[in-house]
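Since the structure comes first, as structure tokens, the remarks are kept for the end.
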Amino acid sequence: MNKSHLIYLASPAWAQALRADLLPWLETVADLGDDVLEVGPGPGLTTDLLRERVTAVTAVEIDPTLAAALTVRLAGTNVEVIQGDASATDLPDDRFSAATCFSMLHHIPTRQEQDRLFREIHRVLRPDGVLVAVDSLDTEPIRQAHIDDVFVPLDAETLGTRLEQAGFCDITIVRAGEFPIRGDQIRFTARKPSSQTPRILRSEAT
């Protein structure tokens, strides 16, 4: 992650934007339950939103410096920080009530690695557990913000199929321009099925 991007993601302006924009959506789309996995917390401003609302958060951060700083900052709270690759964890099967990925999937270097992460999230979710995610679309301003940085944006046309292939159902994809979603974002939810879950694969708003 380039330096200017990282500085912004730790700023009061980003914290305010999350509470004004992300939080209202998050509170309406899914019940996160009691034990949440957060993938790629970075400086942890999204972690702060989660830990105020659920019993326990496990935050998996691949960057050693960011993980160390977050461990110190959140010591003694309901957050466990793990430094490592979230696509290959040693976490138990069927543990988490929900998993979240907030504006981090495009930092994964390849589509194949993104798909591996989807499969790992599916593994560690409980049956009927939900994945809730937000990510950036491929727009010129977003590309400019990622100069000298990894930027592999999601394709809204193929995302649903990729999530199905990872094992998810009840997939809802909200694309740019769908009120009140910002024009540079895609937001989606998906559920790990159980034997009692109707297999409604996908619902998309364009």
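Every number in this text was worked out from the coordinates using simple rules, so none of it is lab data. Computed from a predicted structure; not experimentally measured. Here the Cβ positions follow ideal geometry from the backbone for every residue, glycine too, while neighbour counts run over all protein chains shown.
Treat region 1-61 as a sphere of radius equal to its Kirkwood radius over Cα pairs and apply Stokes-Einstein at 4 °C in a medium of 1.567 mPa s; give the translational diffusion coefficient in µm²/s, rounded to a whole number. Provide the component values of the computation, followed by the final result.
Numbers: Rh = 12.3 Å.
After rounding, the answer is 105 µm²/s.
Of Val150, Gly40, Ile121, which is farthest towards the positive pole of region 3-205's charge dipole, taken about the Cα centre with +1 and -1 on the beta-carbons of Lys, Arg and Asp, Glu respectively?
Ranked along the dipole, the leading option is Ile121.
Taking 7 Å along the Cα-to-C-beta vector as the label spot, tell me the Asp63-Ala13 distance in nanometres, rounded to one decimal.
Once both label points are built, they end up 1.7 nm from each other.
Explain nothing, just the number: relative contact order of the chain, from Cα pairs under 8 Å at least 6 residues apart, as a whole percent.
On the way: 394 pairs, mean separation 36.3, N = 206.
Relative contact order, the chain: 18 percent.
Using 0.36 nm per residue, how much length does the chain from Glu140 to Ala88 gain when fully extended, once their Cα-Cα distance is taken away?
15.5 nm
Rounded to the nearest 500, what is the chain's calculated 222 nm mean residue ellipticity when only DSSP H runs of at least 4 contribute -39500 (n - 2.57) each, over all residues? Display every interim value, and only then the final one.
On the way: 8 runs with 67 residues, N = 206.
It lands at -9000 deg cm²/dmol.
What size of dipole, in debye to the nearest 20, comes out for the chain about its Cα centre when the only charges are +1 on Lys and Arg C-beta atoms and -1 on Asp and Glu C-beta atoms? Please report the intermediate quantities before stating the final value.
Details: 20 positive and 31 negative charges, 35 e Å.
Computed about the Cα centre, the dipole is about 180 debye.
With a cut-off of at most 12 other beta carbons within 10 Å, and DSSP calling the residue loop, which GluC sites (Glu not before Pro) in region 1-63 qualify? Please list them.
Glu52
Of all DSSP beta bridges in the chain, what percent run antiparallel (nearest 5)? Write down the numbers at each step before the final one.
Numbers: 11 of 35 bridges.
Among the beta bridges of the chain, antiparallel pairing accounts for roughly 30 percent.
Identify the trypsin sites (Lys or Arg not before Pro) of region 78-157 meeting these criteria: DSSP loop state and at most 16 other C-beta atoms within 10 Å of the C-beta. Can you show the working numbers first?
Numbers: sites: Arg95, Arg111, Arg116, Arg119, Arg123, Arg143; in loops: Arg95.
When the trypsin sites (Lys or Arg not before Pro) of region 78-157 are filtered for loop state and at most 16 Cβ neighbours within 10 Å, Arg95 remain.
Express the Stokes-Einstein translational diffusion coefficient of the chain in µm² s⁻¹, to the nearest whole number, given a Kirkwood radius over alpha-carbon pairs, 4 °C and a viscosity of 1.567 mPa s. Spell out each step's value before the answer.
Values: Rh = 17.1 Å.
It diffuses with D of about 76 µm²/s by this estimate.
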